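The values are calculated or read from the model by the stated rules, or taken from the named source; none is laboratory data. Keep in mind the model is a prediction, meaning the values are calculated, not measured. A quick note on method: Cβ atoms are made from the backbone with ideal geometry, for glycine too, and the neighbour counts reach across all protein chains shown. For the accessible areas, the whole protein counts, side chains as well, though only heavy atoms, and no ligand, DNA or RNA atoms are used. Shrake-Rupley method; radii C 1.70, N 1.55, O 1.52, S 1.80 Å.
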Amino acid sequence: MVKEAFSGSADLFLDRLYFPYMATTSPHHVHQLNQEQEEAVKHLSGPLLVLAGAGSGKTRVVTLRIAELILAGIPPEEILGMTFTNKAAQEMRQRVESQTKAKVLISTFHSLGARILRESIHYLGYKNDFTIYDGEDQEKVVKGILKEKGLGEKKGEARGFISFISNAKNSLLSLDTPPKDREEELYFDVYKAYQRRLGDAQAVDFDDLLYLPVRLFREMPEVLNNYQNRWKYLLIDEYQDTNEAQYIMVKLLVEKHRNICVVGDPDQSIYSWRGANLRNILDFNRDYADAKVIRLEQNYRSVTNILDAANALITYNDDRIEKNLWSALGAGEKIKLFAADDERREADFVAREIEKNLNEGYSLDEIVIFYRTNAQSRVLEDRLLYRRIPYQIIGGLSFYQRREIKDLLAYLRLVHSGSDFLSFERALLVPKRGVGEATLDKIRLEANRLRLPIFSAVQEIISGRTELKLGPKILDELKRFVSFIEELRKIPQLSDLVRTTIEGSGYIGYLREEAETFEDRRENVEALLVKAMEWEGEREGGTLSQFLEELSLKGQIDDLGGQGPTLSMMTIHNGKGLEFPVVFLVGMEETLFPHINSLGKKEAVEEERRLCYVGMTRAKKRLYLSSSRGRTLWGGFRPMTPSRFLREIPAIFLEKIR
């Protein structure tokens, strides 16, 4: 696992300088910070925009400013810190608490929305004990609506409607918004039906955690006033990543006291596809004309050659606020540039250079390979495996969250407990047995009437001892299913149980229906069986219950934790906020990076350039940029053109490797 490389040395650097005095000296003793950092930390009231470049310790400035507010006498309960990930929120919370002994609410936007709704959603006609639907729940609701409307459900179509609903909520589009055309009219029609279903179930979805608080604040001024008086000082990290709903939520919360501090970097805005709006940070002065603007330009991460190259690249963007990063860490090595004949030779070059870095004293967990799309990892993995270089892919779906694994675990959970309706439903539906959701609803209602666990209720139904009468074909399928589960319950050995579940359920045949993903999914199923065998061998007397509990807490990355240092591979998007001494940025070609979907659109190309800037500024000491003159795509070899980003980096910072 990557440890120190993930933690952010700029922030740790500031910690060591600043925090030692915090518990014992006055809040004015901040001479250890550079001038701009000190200015940002000591600016306690009124709007403040901190433009913080990569590696300048921007998240730490938020943390230090919270501590400074408390030391200046502001009650901790009047301070609200907001960020985007639970991990970042937890780290900030722990550091503030360890230094000030005070508990401050530092939350993600969605967690804050949930907190507000738990307290006040009754003003909108909901009960406070509402349920939060996840993606799978959403898909079921939308599929049901499409079926009711006689629209059918082509494969993946429900997800298109879910995406529309999510974008609508994050953009704060009301249900009364006039549709642009007939197609959008249909989407709004499904959106309205979806909201009615959620209301009937006293449920909200993930996007409602932002959408509904804004609606609440707009419709109930007295409720908004209460929250404005509760949190009089707001601090927001990564402000460039806020979407419309987050932007309005913050704007409403601060409009009374106007004590808002936002920290971010327009040059690192790379999430427009998630709804992030770059204008929120670019136009901060439009919203707060009296705002103080402070630029943090000293970088504590990278050598000068890397920073100067990145600075030169990003100047090709028009939509930005001018700033210029600098470093006191020395010039360092030039950026190494390599052009391969094809992607295999590029991958071989990367693998050989990794080995060279290892021989020169770097550890695997100090090295990362960044690529633009996940599909690029395959050839790299081949070469790493060939050279026996341990690696992990960061940001991919955890092994135990993959669909085929969850399907088989549903069988095992049903074997373990006959009360789990969700596991019963999932196991019964895959592979398909001719039992639809309407029949499942009837079975569930009958189980509720009988007040029996779901599996016991089904046994009563198929024996004819209940009021629910089903057709003979469905009864036969239920009998076979129940009999299969009962046979599984007789198997004492865990590995035999898993093997029989796979074989007896016909699951491999079911996977063959999706030919393009069959091999990958089959290998995952086999890996689950291997996991069961290994687990069984390591734990004498281990039970199915213990196995299921462990798997529910584990992920693929956890399995790698004890194997020593590991090379990380990930998309550049997943690398934001991280840093490594050695960085490889591969696939620097037109249509790949910048991505083909961005070409011809100025704003999209500028975001691709910001993405390249983010990738480059992850590097502390060594940066490699590589490309291929040709790639095998769709079964044929295609000539490739070097990325425009390579031309935009001055040659003085580059060293070509032949």
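Only one residue in Arg383, Arg344, Arg352, Arg378 is part of a helix (DSSP H, G or I) and in contact with an Asp or Glu (Cβ under 7 Å, 6 or more places away or on another chain), so which one is that?
Every option except Arg383 fails the conditions.
Residue by residue through the range 201-233, note down the ones that are among the hydroxyl-bearing types (Ser, Thr, Tyr) and within 17 Å of Leu105 (Cα to Cα).
Within the range 201-233, the subset among the hydroxyl-bearing types (Ser, Thr, Tyr) is 211, 227, 233.
Tyr227, Tyr233 - these are the residues of the range 201-233 that are among the hydroxyl-bearing types (Ser, Thr, Tyr) and within 17 Å of Leu105 (Cα to Cα).
Which residues, taken from the range 624-634, are touching a residue at least 24 places away in the same chain (Cβ under 8 Å) and either open to solvent by less than 20 Å² (accessible area, probe 1.4 Å) or aromatic (Phe, Trp, Tyr) (or both)?
Here is the first cut: in the range 624-634, the ones touching a residue at least 24 places away in the same chain (Cβ under 8 Å) are 624-632.
The answer is Tyr624, Leu625, Ser626, Ser627, Ser628, Gly630.
So which residues in the range 309-329 are open to solvent by less than 30 Å² (accessible area, probe 1.4 Å) and either of a type outside the set (A, V, I, L, M, F, W, C) or outside any loop (DSSP other than H, G, I, E, B) (or both), if there are any at all?
Once the filter is applied, which keeps residues that are open to solvent by less than 30 Å² (accessible area, probe 1.4 Å) and either of a type outside the set (A, V, I, L, M, F, W, C) or outside any loop (DSSP other than H, G, I, E, B) (or both), the range 309-329 yields Ala309, Ala310, Asn311, Ala312, Leu313, Ile314, Asn317, Lys323, Ser327.
Check whether at least one residue in the range 362-370 is modelled with pLDDT under 90 and aliphatic (A, V, I, L, M), and report yes or no.
Within the range 362-370 (the criterion being modelled with pLDDT under 90 and aliphatic (A, V, I, L, M)), the answer is no, since none of the residues qualifies.
Check every one of the helices (runs of 4 or more DSSP H) wholly within the range 97-173 and list those with 2 or more residues that are surrounded by fewer than 19 Cβ atoms within 10 Å (Cβ to Cβ) and at pLDDT below 90. Reasoning before the result, please.
Details: elements: 109-120, 135-148, 157-170.
Because the criterion is at least 2 residues that are surrounded by fewer than 19 Cβ atoms within 10 Å (Cβ to Cβ) and at pLDDT below 90, the helices (runs of 4 or more DSSP H) in the range 97-173 that meet it are 135-148, 157-170.
Have a look at Phe584, Phe637 and point out the one that is surrounded by 24 or more Cβ atoms within 10 Å (Cβ to Cβ), in contact (Cβ under 8 Å) with a residue 24 or more places away in the chain and in contact with a strand residue (DSSP E or B) (Cβ under 7 Å, 6 or more places away or on another chain). Steps first, answer last, please.
Values: Phe637 fails: surrounded by 24 or more Cβ atoms within 10 Å (Cβ to Cβ).
That would be Phe584, the only listed residue that is surrounded by 24 or more Cβ atoms within 10 Å (Cβ to Cβ), in contact (Cβ under 8 Å) with a residue 24 or more places away in the chain and in contact with a strand residue (DSSP E or B) (Cβ under 7 Å, 6 or more places away or on another chain).
If I ask for residues that are assigned to a helix (DSSP H, G or I) and either polar (S, T, N, Q) or crowded, with 17+ Cβ neighbours inside 10 Å (or both), which ones from the range 79-96 would you list?
Result: Asn86, Ala88, Ala89, Gln90, Glu91, Met92, Arg93, Gln94, Arg95, Val96.
From Ala276, Ala289, grab the single residue that is within 25 Å of Phe217 (Cα to Cα), small (Gly, Ala, Ser) and surrounded by fewer than 18 Cβ atoms within 10 Å (Cβ to Cβ).
Ala289
Listed residues Leu408, Leu364, Leu445, Leu422; which is within 29 Å of the chain's Cα centre (by Cα) and surrounded by fewer than 14 Cβ atoms within 10 Å (Cβ to Cβ)?
Exactly one of Leu408, Leu364, Leu445, Leu422 is within 29 Å of the chain's Cα centre (by Cα) and surrounded by fewer than 14 Cβ atoms within 10 Å (Cβ to Cβ), namely Leu422.
Consider the range 476-499. How many of its residues are acidic (Asp, Glu), within 16 Å of Val430 (Cα to Cα) and either open to solvent by 90 Å² or more (accessible area, probe 1.4 Å) or within 37 Å of the chain's Cα centre (by Cα) (or both)? Give the derivation first.
Initial filter on the range 476-499 (acidic (Asp, Glu)): 476-477, 486-487, 496.
Now drop any that are not within 16 Å of Val430 (Cα to Cα), which leaves 477.
Then drop every residue that is not either open to solvent by 90 Å² or more (accessible area, probe 1.4 Å) or within 37 Å of the chain's Cα centre (by Cα) (or both), which leaves none.
Summing the residues that are acidic (Asp, Glu), within 16 Å of Val430 (Cα to Cα) and either open to solvent by 90 Å² or more (accessible area, probe 1.4 Å) or within 37 Å of the chain's Cα centre (by Cα) (or both) in the range 476-499 gives 0.
Of the conditions (1) open to solvent by 60 Å² or more (accessible area, probe 1.4 Å); (2) farther than 19 Å from Asp308 by Cα; (3) in contact (Cβ under 8 Å) with a residue 40 or more places away in the chain, Lys621 fails just one. Which one is it?
(2)
Taking the range 499-539 as the region of interest, how many residues are of a type in the set (Gly, Ala, Ser), at pLDDT 80 or above and either outside any helix (DSSP H, G or I) or over 18 Å from Leu488 (Cα atoms) (or both)?
The qualifying residues number 2.
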